[in-house]
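Throughout, read-outs are computed from the coordinates displayed, never taken from laboratory work. Bear in mind that the values here come from a model prediction, so they are computed numbers and not experimental data. Cβ atoms come from the backbone with ideal geometry, glycine included; neighbour counts cover every protein chain shown.
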Amino acid sequence: MANVITNKISPGPVVLTLAQRELVRFFRQRNRVIGAMVQPIMFWGLFSAGFRGNGLGPAFFFPGTIAMILLFTAIFATISIIEDRREGFLQSVLVAPAPRWAMVLGKILGGSAIAMLQALLFLVLGWLTLDLTSSPLEVLLAVALMTVIAVALTSLGFLIAWRMESTQGFHAIMSVFLFPMWLLSGAMFPAEEGTWLTLLSRFNPLTYGVAGLRHYFHFEGSSVAMNALPNLSVCWLVTIVFAAIMFALAWRIADTRTTGDLL
Amino acid sequence: MSADSAIVVSEVTHHYGERVAVDELSLSIDEGEIFVFLGPNGSGKTTLFRVLSTLIPLQAGDVKVLGHDLRGAVNSIRSQLGVVFQAPSLDKKLTVAENLTHQGRLYGLSSGEIKNRSQAMLSALGLSDRNSDLTESLSGGMRRRVELAKGMLHQPRLLLLDEPSTGLDPGARADMWKYLHQVREEGVTIVLTTHLLEEAERADRIAIMHQGKLAALDTPAALQASVGGDSITIRTDCPDQLASNIRDQFACEANVVDGTVRLEQPDGHQWISRLVEAFPVEIQTVTLGKPTLEDVFIARTGHQYLSSEE
C-alpha cells in the first residue's frame, strides 16, 4: 500500500475548507439565513422610527447598527464551536496534522464572512434608503474596516466559546459583557468631550471601530459631531491591534484541551 | 524495542484529577496486527485510546507511535494515523462527499487524491450511491461506515478505533470486521478498544484492561488455554462455605467470584456429578462452560466482567 506521508500540511486549503464549511452550514440552516436577512431590516426600521424624535436620526445610528450586526453575528457564528465540540466534529479536527492556527483561522474567517454578508446587506439597505454622500473609496475603506472588526469580534467569540460546554452559559456573557460593550462603543450615545461615558468608552476597543465607520459614512443633511471622535488613524490602529490580539489569544486557547473534548 | 513495533507504550500513567485512569501501563503492538484493548467501561482503555490518538496529552511515561515520540513528533504521527472515535465525528449538515473532502484537506490531500480515495473507500464500504446524501439522513450503521471511510481516507499506517461496533447490528459488525481484516492484509496495523468479549476474539492479540492496568496480554487462544480446562460456576446461598467445603473434600482450587463459586478443571462434566452428589442441598444451579474470555478476565482480575464496570 502506498502510504501518503505528508508531515508538512500546507495551511491554505485547511483554512479555506473550514471557512467554507461555516458558510455551507449557514446556508443550509434556513432559519439562520432568514434571521440574518430579517434582523438588519428590523433594526433599521426600529432605530429610524424610535429615535427620530430626539434629533438623532437614522444617520447617527447607522454605524452603530453595523457594529451591532457585526458583534452579534460574528459572535453567534463562532459559538458554533460549542456545537462542533458537542456533535463530535471537532475531535477529528483536533487529531488532524494540520497546524492549529490554520484551524482557528478557518473557523474565524468563516464566521467573519457570515457577519460581513449580513453587514453588507445592511449597508446596501442604508445606501438605498438614505442619502449616502460618502465617496466610493470611503465606502470601500469602511468595508475593509468592517472586515477587521468582524475578525476581531469573531476571535473574541471563539475565545469566549472555546471553554464553554453549552450555549446556555453564553447568555450571561451576552448581557454582562457583550451588550455593555456595544452600548459603550458610541453606537447609541453621541460622543461628547469630557463626559464620563465618553471617557469610559475610550477603553473599549469597539469604540474605535464605530468611530472609524462614522468617519467614513456621511449622509446628506445630517451632521454628526466629529470633534469628540478619535481620529481615523487611531481608529484603524486600535482596531487592527484589537483583531491581532484577539486572534492570538484564540490561537493560544485552542492549544488547550477542555473536558468537553472527551465525548 | 524493535523497528517492527507500531506502538510502544512504556509506563504510561494518566490521571483525571485524583482518579487514576491508566496506571503505569507498558506494552507493545506489532506492525500489521489487529490488537484489541478489552475491558469493561472505566477500565482505562478509552483514556489510553485518547492518548494514542493524540487527542489528550501524555501525562507520564513514554509512547512511541510508528517510531515517533508522541511528545515530540506529534504531527508526524498524526499524518500516518487514522482515528475513528466512538462518538460520531461527521458534520450532519454536510453530505458524505463533503465530509470526506474536509477530512482530506485537513490531511493535506490534493483534490484529485480526495476524489479517488473517496470513491475507493465508499465503494469498498458499499456506500457509493450515498455520496451526495446529507449524513443526517443516513442510518446509524451507514454513518459508522462513513466514519471508517473518513479514518482511512489518507491511507494511514495505523488505524485506531474506539468501540467501533457501538450501535451496529450483528450483520454490520461482521461486515466491519471483514473490512478490517482486508485492510490489515494491506499492511495496516489496527488497534481497537471494545467492551464486547465476543468481539475481542477476532483480534490477533488481546490486552485485557482492568482498573487502568494490564490484566493479561496474549492471543485469544492462548488466553483461553491459560484458564486450564472447563469452567464450572455454582450458584448457592452460602458461597464461602461451599467453596471451603469443596476445597476440603476434593483438595482443589475453588474461588468465590461475586457470589458464585468457580472452579477450573479438566473434564468438567465428571466434576459436575461429583459436586452435585457431594453437595445436593447447597448447590442451586451449576453451569459448565468452555473457558471464555470472561473466564480469563475473572481468572486474572478476580472480578466478574460486568460488575467491574464503574
Cα-only Debye scattering, region B:65-172: base-10 log of I(q)/I(0) at q = 0.21 Å⁻¹ = -1.13
message = With just the Cα atoms defining each centre, how far is region A:132-209 from region B:208-286? Give it in Å.
response = 72
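Would you mind telling me the antiparallel percentage of the DSSP bridges in chain B, rounded to 5? Working shown, then result.
Details: 36 of 54 bridges.
Counting DSSP beta bridges with both partners in chain B, the antiparallel share is about 65 percent.
Order the peptides B:74-80, B:214-220 from the highest to the lowest mean number of other Cβ atoms within 10 Å of their residues. Working shown, then result.
Details: B:74-80: 20.7, B:214-220: 17.6.
So the peptides B:74-80, B:214-220, ranked by packing, come out B:74-80, B:214-220.
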note = chain A: relative contact order from alpha carbon pairs under 8 Å, six or more residues apart, as a whole percent, is 27
inquiry  = With angles folded into 0 to 90 degrees, how steeply does helix A:11-28 sit against the dominant principal axis of chain A? Use alpha carbons for both and round to 10.
reply    = 70
ask   = How many Cβ atoms of partner chains, on average, are near each residue of A:90-103 if near means within 10 Å of its Cβ?
value = 6
P(r), alpha carbons of region B:129-250 - 5 Å bins starting at zero, rounded % = 2, 8, 14, 16, 14, 13, 10, 6, 5, 5, 4, 2, 1, 0, 0
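With runs of 4+ DSSP H residues as the only contributors, calculate the mean residue ellipticity of chain A at 222 nm using -39,500 (n - 2.57) per run, divided by the residue total and rounded to the nearest 500. Mind showing how you got there, number by number?
On the way: 12 runs with 179 residues, N = 263.
Helix contribution divided over all residues of chain A: -22500 deg cm²/dmol.
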note = Summed over the other residues with a beta carbon less than 11 angstrom from that of residue B:218, with K and R at +1 and D and E at -1, the charge totals +1
Convex hull volume per residue in cubic angstrom - Cα atoms of the protein assembly as shown = 190
Relative contact order (%) - criterion: Cα under 8 Å, at least six apart; region: region B:41-192 = 27
task = Place the peptides B:89-95, B:34-40 in order of packing, highest mean first, counting for every residue the other Cβ atoms within 10 Å and averaging per peptide.
result = B:34-40, B:89-95
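What does the convex hull of the Cα atoms of chain B come to per residue, in Å³, rounded to a whole number? Could you put the intermediate results ahead of the total?
Values: hull volume 47.9 nm³, N = 310.
Convex hull volume per residue, Cα atoms: 155 Å³.
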request  = Note the full-extension length gain between residue B:225 and residue B:19 as 0.36 nm times their separation in residues minus their Cα-Cα distance, in nm to one decimal.
outcome  = 70.8 nm
ask   = Of the listed peptides B:171-178, A:152-159, what is their order by residue-averaged count of other C-beta atoms within 10 Å, with the highest listed first?
value = A:152-159, B:171-178
inquiry  = Using alpha carbons only, how many angstrom separate the centre of region B:81-151 from the centre of region B:186-207?
reply    = 23
request  = Could you please report the charge total around residue B:46, scoring K, R as +1 and D, E as -1 over all other residues with beta-carbon less than 11 angstrom from its beta-carbon?
outcome  = 0
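Given the convex hull over the Cα atoms of chain A, what projected area results after averaging over all orientations, in nm²? Spell out each step's value before the answer.
Numbers: hull surface 64.7 nm².
The orientation-averaged projected area of the Cα hull of chain A comes to 16.2 nm².
Averaging sequence separations of C-alpha pairs under 8 Å and six or more residues apart, then dividing by the length of chain B, give the relative contact order as a whole percent.
On the way: 573 pairs, mean separation 62.8, N = 310.
Across chain B, relative contact order equals 20 percent.
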query = Angle, helix A:100-129 long axis vs. longest principal axis of chain A, Cα atoms, 0 to 90°, nearest 10?
reply = 30
request  = Evaluate peptide B:68-81: per residue, the Cβ atoms of other protein chains within 10 Å of its Cβ; return the mean as an integer.
outcome  = 3
inquiry  = I'd like the mean, over residues of A:129-137, of how many other protein chain beta carbons sit within 10 Å of each residue's own Cβ.
reply    = 0
